[in-house]
Amino acid sequence: MGLLSDPVRRRALARLVLRLNAPLCVLSYVAGIAWFLALVFPPLTQRTYMSENAMGSTMVEEQFAGGDRARAFARDFAAHRKKSGALPVAWLERTMRSVGLEVYTQSFSRKLPFPDETHERYMVSGTNVYGILRAPRAASTESLVLTVPCGSDSTNSQAVGLLLALAAHFRGQIYWAKDIVFLVTEHDLLGTEAWLEAYHDVNVTGMQSSPLQGRAGAIQAAVALELSSDVVTSLDVAVEGLNGQLPNLDLLNLFQTFCQKGGLLCTLQGKLQPEDWTSLDGPLQGLQTLLLMVLRQASGRPHGSHGLFLRYRVEALTLRGINSFRQYKYDLVAVGKALEGMFRKLNHLLERLHQSFFLYLLPGLSRFVSIGLYMPAVGFLLLVLGLKALELWMQLHEAGMGLEEPGGAPGPSVPLPPSQGVGLASLVAPLLISQAMGLALYVLPVLGQHVATQHFPVAEAEAVVLTLLAIYAAGLALPHNTHRVVSTQAPDRGWMALKLVALIYLALQLGCIALTNFSLGFLLATTMVPTAALAKPHGPRLECNGAILARCNLHLQVQAILLPQPPKYLGLQSFVLVARLECSGVISAHCKLRLLGSSASPASASGVAGITSMRHHTWLILYF
Amino acid sequence: MAAPLVLVLVVAVTVRAALFRSSLAEFISERVEVVSPLSSWKRVVEGLSLLDLGVSPYSGAVFHETPLIIYLFHFLIDYAELVFMITDALTAIALYFAIQDFNKVVFKKQKLLLELDQYAPDVAELIRTPMEMRYIPLKVALFYLLNPYTILSCVAKSTCAINNTLIAFFILTTIKGSAFLSAIFLALATYQSLYPLTLFVPGLLYLLQTRHINPNSAAAVHTCENEEQSLLDLFLGVCHDVCGKPSGNHLPLLLPSQLLGFHPRSLWLYINVFFYTIPLAIKLKEHPIFFMFIQIAVIAIFKSYPTVGDVALYMAFFPVWNHLYRFLRNIFVLTCIIIVCSLLFPVLWHLWIYAGSANSNFFYAITLTFNVGQILLISDYFYAFLRREYYLTHGLYLTAKDGTEAMLVLK
């Protein structure tokens, strides 16, 4: 504060900010980007380490040997599934019971917002099957989950086989202190969400599902398994959950420990981790992985069914078996052993995973960047907005008075109070309009969907896109309105004040987003900050640029938005952030556009999930 | 002038009524920034139902309101929303009339000093005109009623709003010159939470200076003090009667809310509020209303279990000090800090409690930043006020002995 209260130094600082504003802004922006790129180099990226004592020092010996059994189960499962055309519930129940689990089923149905492409259906209904292995040595207060999501196509049979074989093996052991839930869900994420909601006795997505008959304790950790071949060359691990939430880093460390122990090849974002971090190649390869992670996290989509567990504060990750052309392959025993080891260590947990990081970026499986180190990147980007705002504030003020009012030259020009009043009052209209536009972007596409399909010959998906386009088109009228409002009095001060408010607003929103989902915040900041900082009216026609800037904010209304049915599982009310609005506003539009495109060329929708589940992803995002 | 006030009141009540009807009300009433264990409506309801069951509301250590509050809502529980809207409206009206009168007093004093030639010759631009003072009371009402903090506090039915009303009426009656009524309201406010006790000093100073109490007799001060003391005793007695059974340890029964502050760790924070009263009284003895503003702000900052409702009360006074605007140094930075913190509260709370990713330190860092921002803002106002007073008597364009521009050093 000494700096701020000493008038001499203060004046020097002010002059610095005013004169060197442009270079400082550029410098700050470059520093932000450079900092982000530097994150992959060793001083900033650190080696991961196991923080949880309960999982660190204890040794376990994996004894799983049921490879043949797993393959047999998988074959049977695939055959039954082909015969019935859906999840063979009866077979699963029977098999799970035969290996000694307590078996329950849960049926669910949900009306989709868009008709399914392949089956032209709105209503999706399915059944989840789960078996509980009761811990022989403890009351059922805590549990672990191994889940296999089954889509409509016939993948993941081997995962179900392995799950059953592991269940049979686990059943024979005496050391379990936590219940283990073996869960097979139908319709990918839909089933998982239905099960999770029923397990925690909430209903956030308007899913109709039968209540669960059997429960284990509070879920401590979950592993989702996706495996579609008898042999794998590597295991890929996915951590990004809904809205960019990540599991505790210790869970990933645990996975990595057992991969190393079993000599399994494991990848992150489909990339092997570089061996050598000291030369340039290692970090460059790490940068690729990091960027892929940032893109995935920014999308806000859960990358695997584990992503839905995170929302219930269950640490979870997805393991995907990859079968590529690599020579050396592992059979199901190796994968099973890794899983057994993980579950045995998780079984040792005394309290929920909390020791390690929750906010991190991963340039490789054994390297991480913690929040304290990556936040400066976005901090530098936001500093640009801060500097610009400060410059505008000083310019606005210089008109009214000197930089240092006390003994300085008496303010010769504009008297301050009226100009200040004018500035603020004229800003209310454009700000309110842009707020309303943001709200419309959030609410109208979903609300207007049914109305539009009733009255116009358009499909649901098209209706949403058309509503979005209509709102954007309507938004184009805003600069004209603002122009009128602002230019009536003191045009120069008008746009300056408007830009000032817009800059602060944008910085705030980006900051909030970066805190909840760093990747999204950073990506938005890299693109929006230069635009926002450069927007400046030159001629009379461009005077509305400040208004355009205000309109930029439409995409990013940082508002606390209440869920229609807040989850009550904690006995508290949940609070949904803008990141979600972001999902609904920008990303959902994006997803839907992609969706429209994907119906034309299904080949483009590559990846594990496939078109249908992508659709599920989309609406899950929308409705969360 | 009444018409704009009515309009503001109508708008404020409409906004509140709409929010009460929306699904947001329940959500807001759970927010940690808006309600504290001391002012939570949920706990009032809990206390009432305990009372209905014939159990002492204080037995579970959940209910911390005063017996008078429970007595009040015993009758008005069905009209709670209305009560809170009315208390807000009353606060605004009280502040409106208080500031209207205060402005008259200020203007009279300024006129007197001008006639007495007490001001330096070149301070014409510092002299306040009736034109610029005309809308100040309205702005105060507007600042209080449409401040998001007040709205949130009202929609959450935080009992902090009632305390604000009592303090506002205390200010009104003090400015109107009614020593008795002001003592009553101060006693009521103090009875609800101990902190407003510190407002006794500026109130007394004001009454002494405006000659509502004969300043020559020290006995008058004693009278005033005794009066308040006896009133406080009276209220404590009343609660005793209302609550019925005096338990063996009846102090917690009578002063539940205050005793919550006496946690050993929070003790120094608790006393912190009182540290500033005497130095401020010495420095600002000529300006008791500004002293009152600073003291209210100090209470809002340093009290245990603060909520945004307390902040809203002192923010309502900002228009009164409009003339200090040109002397404020860091208003931009500080406004930004306060806005940023207000937005980050819910974000970090979400990350801590629901997402489980950021821990409590993130949230506490933000509360700390918010308080630092408030402290800097208040000291900015304080410094600006002192500077303006200095310039008024010494002239605006000071030069040092060597002819250069002088620099004021606050010591």
Sorted by chain and then number, the residues having a modelled amide H within less than 5 Å of the amide H of A:LEU212, at least 5 places away or on another chain, are none
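Can you tell me the FRET efficiency between A:LEU350 and B:ILE282 if r is taken as the Cβ-Cβ distance and R0 is 60 Å, rounded to the nearest 0.05?
My answer for the efficiency is 0.55.
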Along segment A:9-26, Karplus-curve 3J(HN,Hα) (6.51, -1.76, 1.60; θ = phi - 60°) to the nearest Hz, with x for Gly and Pro, reads 5, 5, 5, 4, 5, 4, 5, 4, 4, 6, 6, 9, 4, 4, x, 4, 5, 4
In terms of the alpha carbon gyration tensor, root eigenvalues a ≥ b ≥ c, rounded if a/c is under 1.5 and otherwise prolate when a/b exceeds b/c or oblate, segment A:122-259 is rounded
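List the GluC sites (Glu not before Pro) within segment A:1-110 that fall in a DSSP loop (any state other than H, G, I, E or B) and whose Cβ has at most 10 other Cβ atoms within 10 Å. Provide the component values of the computation, followed by the final result.
Values: sites: A:GLU52, A:GLU61, A:GLU62, A:GLU93, A:GLU102; in loops: A:GLU52, A:GLU61, A:GLU62.
Answer in residue order: A:GLU61.
Restricting to DSSP loop positions (anything but H, G, I, E, B) with no more than 14 other Cβ atoms inside 10 Å of their own Cβ, which chymotrypsin sites (Phe, Trp or Tyr not before Pro) remain in segment A:128-202?
On the way: sites: A:TYR130, A:PHE170, A:TYR175, A:TRP176, A:PHE182, A:TRP195, A:TYR199; in loops: A:TYR175, A:TRP176.
Of the chymotrypsin sites (Phe, Trp or Tyr not before Pro), the ones in loops of segment A:128-202 whose Cβ has at most 14 other Cβ atoms within 10 Å are A:TYR175.
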Once phi for every residue in segment B:124-130 is put through the Karplus expression 6.51 cos²θ - 1.76 cosθ + 1.60 (θ = phi - 60°), the whole-Hz ³J(HN,Hα) values, with Gly and Pro written as x, are 3, 6, 8, 5, 8, 10, x
Using alpha-carbon positions, the gyration tensor of segment A:168-245 gives root eigenvalues a ≥ b ≥ c; with a/c under 1.5 called rounded, otherwise prolate if a/b exceeds b/c, else oblate, the class is oblate
Simple spin-label estimate for A:ALA90/B:LYS109, 7 Å along Cα→Cβ, in nm, reads 9.2 nm
Amide H contacts under 5 Å for A:LYS329, restricted to residues at least 5 apart in sequence or on another chain and with H modeled in the peptide plane, are none
Looks like segment B:122-214, by Cα gyration tensor root eigenvalues a ≥ b ≥ c and the a/c under 1.5 rounded cutoff (else prolate when a/b is bigger than b/c, oblate otherwise), is oblate
For segment A:316-322, in residue order, the Karplus 3J(HN,Hα) values (coefficients 6.51, -1.76, 1.60; θ = phi - 60°; whole Hz; Gly and Pro = x) are 8, 8, 10, 10, 10, x, 10
For A:LEU353, the residues 5 or more places away or on another chain with a placed amide H closer than 5 Å to its own amide H are none
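By average Cβ neighbour count within 10 Å, what is the ranking of A:221-233, B:313-325, A:297-309 from highest down?
Values: A:221-233: 22.5, B:313-325: 20.7, A:297-309: 26.9.
In descending order of packing, they fall as A:297-309, A:221-233, B:313-325.
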With every protein chain kept in place and a 1.4 Å probe, the residues A:ARG326, A:ARG367, A:ARG137 fall, from largest accessible area down, as A:ARG137, A:ARG326, A:ARG367
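What percent do you get for the relative contact order of segment B:6-131 when only Cα pairs under 8 Å and 6+ apart count? Intermediate results must be reported in sequence, preceding the final value.
On the way: 48 pairs, mean separation 21.5, N = 126.
It rounds to 17 percent for segment B:6-131.
The values are calculated or read from the model by the stated rules, or taken from the named source; none is laboratory data. Model, not experiment: these values are computed from the prediction. Glycine also receives a Cβ, built like all others from the backbone with ideal geometry; neighbour counts cover every protein chain displayed. Heavy atoms of the whole protein, side chains included, go into the accessibility calculation; ligands, DNA and RNA do not. Shrake-Rupley method; radii C 1.70, N 1.55, O 1.52, S 1.80 Å.
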